[in-house]
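Worksheet for the structure shown next.
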Amino acid sequence: MKIAFVGLGHMGAPMALNLLKAGHALAVFDLSADAMQTLADAGARKAASPKDAVNGAEYVITMLPAAAHVRSVLGAEDGVLAGIAKGVTIIDSSTIDPASVKEFAALAAAHGNAFVDAPVSGGTGGAAAGTLTFMVGGSAAIYESVKPVLSGMGKNIVHCGETGTGQVAKICNNLVLGVTMAGVAEAMALGEALGIDPKVLGGIMNTSTGRSWSSDTYNPFPGVIETAPSSRGYSGGFGTDLMLKDLGLATDAAKGARQPAFMGALAQQLYQAMSTRGDGKLDFSAIIKLYRSDQ
């Protein structure tokens, strides 16, 4: 299929590369010339703008940092809606608030286009391996139509319900992720202070009731999981500022629903402390630095 892909960051670039590997024809756009060139070297067409990227596209995928970026990419003079043909489905895999999703869906519908929220889980490793989970919000018919496209980038494509429910699933999932990472970091730092070998402690946790993705795949203590960002100076991965943004989305949504989010609010403050001290660009597992006296 002919697909336009806008947003080639840590997640978007490997996702787009997997679409090329699956045999799709891609037109790509990003503000980073280097990111564009990487995709061009793999066979994509470099577009001059989002409007140019969607010319002739059968599907459009956006993968952007925040709702403000999605709004701009959609509605700008050289944006997606300025160049897209009627009937073409827009798939947004950004993590944004459910209310904005409904706003964008209405904007697209007025132009004659369906808008699907399809945020992802699985991290940069899952993006590179093509094993992401997609949480899709939209009608059953639209879900079936986008599933073949998403299958080129992920292994688990889940229909969550109507438009906006994909984002509900994503912010709830990342609420758990932020809380569990803080908990694992606290426990690993305590173990270190009490004198146990971190690898031994990590191994016990990962075969016991303390096991979680944050401990067995993404452990925040350096050297426990060699493939985790913690073992490469907390580079790459999922940035602290992005986790802070997602926890903000979750706590804002909880406030609107008058639903308590005690752990989410505390986790948000911990990641805010990380960001304030200048560690916002580090992987979010660097939260363990708040607990280690030499960090």
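The values are calculated or read from the model by the stated rules, or taken from the named source; none is laboratory data. Since we're looking at a predicted model, the values are computed, not measured. Every residue, glycine among them, receives a Cβ derived from its backbone with ideal geometry; neighbour counts consider all protein chains shown.
Among the residues of the stretch 136-147, the ones that are under 21 Å from the mean Cα position of the chain (by Cα) and free of Cβ contacts under 8 Å to residues at least 40 places away in the same chain come to 5 in all. Filtered by the rule that a residue be among the β-branched types (Val, Ile, Thr) and not in a strand (DSSP E or B), the stretch 155-177 gives 163, 165, 168, 171, 176.
Residue pairs whose Cβ atoms lie under 6 Å apart, separated by 6 or more positions or on different chains, with the first residue in the stretch 284-295 and touching a residue at least 40 places away in the same chain (Cβ under 8 Å) and within 19 Å of residue 245 (Cα to Cα) and the second small (Gly, Ala, Ser) and surrounded by 15 or more Cβ atoms within 10 Å (Cβ to Cβ), are 285/230; 287/182; 287/185; 288/185; 288/189.
On the stretch given as the stretch 106-135, residues that are in contact (Cβ under 8 Å) with a residue 60 or more places away in the chain and on the phi > 0 side of the Ramachandran plot total 2. The sole residue among 207, 165 that is surrounded by fewer than 24 Cβ atoms within 10 Å (Cβ to Cβ), closer than 30 Å to residue 59 by Cβ, at pLDDT 95 or above and among the β-branched types (Val, Ile, Thr) is 165.
Results for (1) surrounded by 18 or more Cβ atoms within 10 Å (Cβ to Cβ); (2) closer than 30 Å to residue 171 by Cβ, shown as yes or no for each residue.
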position	(1), (2)
42	no, no
48	no, no
54	yes, yes
63	yes, yes
69	no, yes
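The condition (being outside any loop (DSSP other than H, G, I, E, B) and not charged (D, E, K, R)) is satisfied by just one residue among 48, 13, 57: 13.
Looking only at residues of the stretch 206-226 that are within 12 Å of residue 185 (Cα to Cα) and in a helix (DSSP H, G or I), we find that the one that is farthest from the chain's Cα centre (by Cα) is 215.
Among the hydrophobic types (A, V, I, L, M, F, W, C), touching a Phe, Trp or Tyr at 6+ places or on another chain (Cβ under 9 Å), at pLDDT 95 or above and more than 28 Å from residue 249 (Cα to Cα): which single residue out of 8, 26, 74, 20 fits that description? Spell out the reasoning first.
Details: 8 fails: more than 28 Å from residue 249 (Cα to Cα); 74 fails: more than 28 Å from residue 249 (Cα to Cα); 20 fails: touching a Phe, Trp or Tyr at 6+ places or on another chain (Cβ under 9 Å).
Only one candidate qualifies: 26.
To keep it simple, each residue is scored yes or no on (1) farther than 15 Å from residue 67 by Cα; (2) charged (D, E, K, R); (3) touching a helix residue (DSSP H, G or I) at 6+ places or on another chain (Cβ under 9 Å); (4) assigned by TED's automatic domain parsing to the domain that holds residue 72.
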residue	(1), (2), (3), (4)
112	yes, no, no, yes
118	no, no, yes, yes
137	yes, no, yes, yes
146	yes, no, no, yes
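Residue 99 passes every criterion in (1) closer than 23 Å to residue 172 by Cβ; (2) crowded, with 22+ Cβ neighbours inside 10 Å apart from (2).
Applying the condition of being at pLDDT 95 or above and part of a strand (DSSP E or B) to the stretch 121-154 and asking which residue is surrounded by the fewest Cβ atoms within 10 Å (Cβ to Cβ) yields 133. Does residue 74 meet the test of being in contact with a strand residue (DSSP E or B) (Cβ under 8 Å, 6 or more places away or on another chain) and of a type outside the set (Val, Ile, Thr)? Spelling it out, residue 74 is indeed in contact with a strand residue (DSSP E or B) (Cβ under 8 Å, 6 or more places away or on another chain) and of a type outside the set (Val, Ile, Thr). Residue under question is residue 48, and the condition is that it be over 24 Å from residue 148 (Cβ atoms), assigned by TED's automatic domain parsing to the domain that holds residue 118, at pLDDT 95 or above and of a type in the set (A, V, I, L, M, F, W, C); does it hold? It is true that residue 48 is over 24 Å from residue 148 (Cβ atoms), assigned by TED's automatic domain parsing to the domain that holds residue 118, at pLDDT 95 or above and of a type in the set (A, V, I, L, M, F, W, C). Scanning the stretch 153-178 for residues that are under 14 Å from residue 133 (Cβ atoms) and small (Gly, Ala, Ser) yields 154, 166, 169.
Please identify the pairs in which a residue from the stretch 245-269 that is assigned by TED's automatic domain parsing to the domain that holds residue 186 and of a type in the set (Ser, Thr, Tyr) has its Cβ atom under 6 Å from the Cβ atom of a residue that is at pLDDT 95 or above and part of a helix (DSSP H, G or I), counting only partners at least 6 apart or on another chain. So the pair list comes out as 251/264; 251/265; 251/268.
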